[in-house]
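Below is one structure, written out as structure tokens, with a few remarks after it.
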Amino acid sequence: MSRSPIVGGNWKMNLSLGEAEALASEVRHRLGSYPGAQTLIFPPFPYLQAVAGRLGDSPIGLGAQDLWYEGKGAFTGAVSAAMLVSVGCKWVLIGHSERRHVFGESDEIIAKKLRAALHAGLKPVLCVGETLLERQAGQTFAVCGRQLRTALQGLQRSELEHLVVAYEPVWAIGTGLVASPEQAQEVHADIRDRVGDILGMDFAAKLRIQYGGSVKSSTAAGLMTKPDVDGLLVGGASLLAEEFAAIVRAK
Ligand code: PGA
């Protein structure tokens with residue numbers, strides 16, 4: 001089964017408006033007509049509309065880093081799925097480890113966010129991954145499995161047509177510690193099996209699974225050679241257009 005590569009750049013809480021616009025233009029310039037991989041970028045909320053303008057009609061996908069699951073109302077500081085759609089987003093990160101661990105969001109909250117995204121027609125990148133303590137305790141597969149099950153249980157395959165899963169070991173994010181291609185592969189294969197248990201093996205065979213955690217251009221190609229690594233989710237290195245473009249082109 002060949003799955004087309006998909007690489008995302010998560011800009012996190014970085015850049016000024018001017019820097020974000022310049023980076024978006026540069027990413028478009030370098031990758032806007034690259035046919036080898038689907039490219040996504042996830043700027044901070046306040047820059048989404050301006051970045052949408054810079055991306056124009058290019059095939060680069062615009063996404064948000066998060067959303068809140070309620071439709072509207074007294075949720076100070078929160079941003080709804082419909083708001084994201086209205087400023088040009090097509091994609092959204094759901095359950096990034098910084099939402100889970102810095103902001104204390106539970107598997108149940110993330111399940112609600114996934115449903116809100118799907119309901120609004122946003123394509124979700126569902127992030128899962130274990131902490132260092134969980135890995136050392138031999139719980140990597142169980143933790144990722146629990147995160148997947150809680151998020152996906154009860155959803156129909158037809159609703160999840162555009163689902164992408166990102167495996168992001170927490171110990172590798174922003175730490176410079178990248179998982180080896182072999183470590184990524186064994187977890188990706190297990191994620192695919194577990195998604196198969198929930199949604200059927202034919203669904204799982206088509207699912208694209210990204211690896212995220214300290215990816216650089218020097219490590220991207222090695223990760224992408226593994227059969228179950230279908231793409232990358234890049235944080236820090238996505239803030240440099242040349243480096244990000246080299247990662248997208250790594251396969
Ligand atoms: P990093 O972040 O590449 O800076 O480790 C990855 C991510 O959190 O998506």
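The values are calculated or read from the model by the stated rules, or taken from the named source; none is laboratory data. Treat the numbers as computed from the prediction; the structure is a model and nothing was measured. Quick reminder, even Gly has a Cβ in these numbers, built from the backbone with ideal geometry, and neighbours come from all protein chains shown. The protein model used for the area step is the full one, side chains on, heavy atoms only, and it has no ligands, DNA or RNA in it. Shrake-Rupley method; radii C 1.70, N 1.55, O 1.52, S 1.80 Å.
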What's the lysine pair count for the range 6-248 at a Cα cut-off below 19 Å, pairs eight or more apart or interchain?
14
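Report the charge-dipole magnitude of the chain in Debye, nearest 20, computed about the Cα centre from +1 at each Lys and Arg Cβ and -1 at each Asp and Glu Cβ.
It comes to approximately 340 debye.
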In the range 6-248, if the dipole is taken from +1 on Lys/Arg beta carbons and -1 on Asp/Glu beta carbons about the Cα centre, which of Ala151, Val248, Thr131 is farthest to the positive end?
Ala151
Expressed as a percent, the accessible surface of the range 35-80 that is carbon or sulfur, using a 1.4 Å probe and the full set of protein chains, is 53
Given a 1.4 Å probe, how much area per residue of the range 6-248 is accessible, in Å²?
42
Within the chain, helix-based [θ] at 222 nm, where runs of 4 or more DSSP H residues each add -39,500 (n - 2.57), nearest 500:
-12000 deg cm²/dmol
Rounded percent of accessible protein surface that carbon and sulfur make up, the range 94-236, 1.4 Å probe
53
